[in-house]
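Step one of this worksheet: look at the structure below.
Every read-out reported here was derived from the displayed coordinates using simple, explicitly stated rules and does not represent laboratory data. This structure is a prediction, so every number in the text was calculated from the model and none was measured. Neighbour counts run over all protein chains shown; Cβ positions are idealised from the backbone, glycine included.
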Amino acid sequence: MKEVSTIAGKATKLETVTKNVSAKTQVNKDVKINIKQHDNTPKEFRCTCCGNTYSKQQGNFMPSNFETFKGNGGYIDTCKKCTDQLFEYLTNFYMGNEEKAIDHICMMYGLYFNESPLAASKKISADRSRLSTYSSKIQIKPWIGKTYLNTITERIEEEKGNVIESLEDVKDSKKAKLKSVKFFGVGFDDEDYPYLEDEYLDWTTRHECSTKAQEEVFKQICYAQLDILKAKKKGLPTKDLTKTLQDLLATANLQPKQTKENTLAEQNTFGTLIRKWENEKPIPEPDEEWKDVDGIVKYITIYFLGHLCKMMGIKNSYARMYEQEMDKYKVDKPEYEDDDEALFDAVFGGGLDDSD
């Protein structure tokens, strides 16, 4: 396995090169390489990994269309036994991901890599590895004659097809909206814009965003989050990107250490606080000092709703409450059943003497 580890170490350098390939990379698909071949075909073929020799290449070595193997009869210089061991090693290295291991080997030996023959290689026989099956699949139409350079070209074209490079591209987009492209700018993938929208909305609904400067900081935070997400998907380091995000959070005063309970009301608008309380827990009972000490609820219920219902002739609980409240302030006219003399005596304190 020492030889296999050496090959894997060299392959890591090749993989680093391919990670730098992006949609902005310029390639010439029509370029040709003409390496002068010498007719000195050897009588025996030696594996550069294990050192074993074979009398023939077919069946013992995988074929490759890459230019560097033309002088070797169109076969790679590592035997199938070693490449199978390398495939097992890389599968373990990639945590059981056989597809990633095959892509790695294809990159090393210039073999064409594509999802279609990869899916077809899942149906393998007991005496053949998946790598050997995949190698035979790419030697038939429509993949015959292709190399890993075709793989890189296809990936670049696929990535370019998803990038919004101008506002005109929004017409052919399935996910990006014109409003989002104008707001966040061009140059992102089609599927990036919904992510940016969701993150921006999440930030601005939880924190105050009332100035253009705050708006720009939140946009930069969303960009940084997107860069970190993409880097993690590609297996790239995120230390510098995370540092950038932390600096932006510090600029916006949004780092966890900067957020304290006593500054919660200052960092959030009243509306966002109401939303937070309603989503996380019911609004608690108010303190005694904040209760309805002035009876404002009673005043509105009786003197507004009750009075309005009474005035409109509507008979309901509000109207009855209003009538009961008004009864407290009514004065009833006294009625007497006696004669007028008795009423006069009651008012003036007695009648006059007839002799006078």
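Report the one residue of Thr251, Gln220, Asn279 whose Cα lies farthest in the direction of the positive end of the charge dipole of segment 189-280 (charges on C-beta: Lys and Arg +1, Asp and Glu -1; origin at the Cα centre).
Thr251
Which of Thr242, Thr91 comes first, and how do the rest follow, when ranked by fewest Cβ neighbours within 10 Å?
Numbers: Thr242 14, Thr91 19.
Final ranking by Cβ density, sparse to dense: Thr242, Thr91.
Could you calculate the contour length gain from Phe93 to Phe183, that is, 0.36 nm times the residue separation minus the distance between their Cα atoms, to one decimal place in nm?
Extending this stretch completely gives an extra 28.2 nm.
Highest mean first, how do 109-122, 303-316 rank when packing is the count of other Cβ atoms within 10 Å averaged over residues? Show your work: numbers first, answer last.
Working: 109-122: 17.9, 303-316: 13.4.
Output ranking for 109-122, 303-316: 109-122, 303-316.
Could you give the nm distance between label points at Glu115 and Gln246, where each point is 7 Å from its Cα heading toward the beta carbon?
3.7
Take the cross-link list Lys123/Lys175; Lys141/Lys171; Lys212/Lys239; Lys80/Lys100; Lys137/Lys233; Lys298/Lys333 and give me the ones stretching past 24 Å between alpha-carbons.
Details: Lys123/Lys175 35 Å; Lys141/Lys171 35 Å; Lys212/Lys239 29 Å; Lys80/Lys100 19 Å; Lys137/Lys233 28 Å; Lys298/Lys333 29 Å.
Table pairs above 24 Å Cα-Cα are Lys123/Lys175; Lys141/Lys171; Lys212/Lys239; Lys137/Lys233; Lys298/Lys333.
Treating only the Cβ of Lys, Arg, Asp and Glu as charged (+1, +1, -1, -1), what charge dipole size does segment 130-211 show about its Cα centre? Round to the nearest 20 debye. Could you put the intermediate results ahead of the total?
Working: 13 positive and 17 negative charges, 122 e Å.
Result for segment 130-211 is approximately 580 debye, rounded to the nearest 20.
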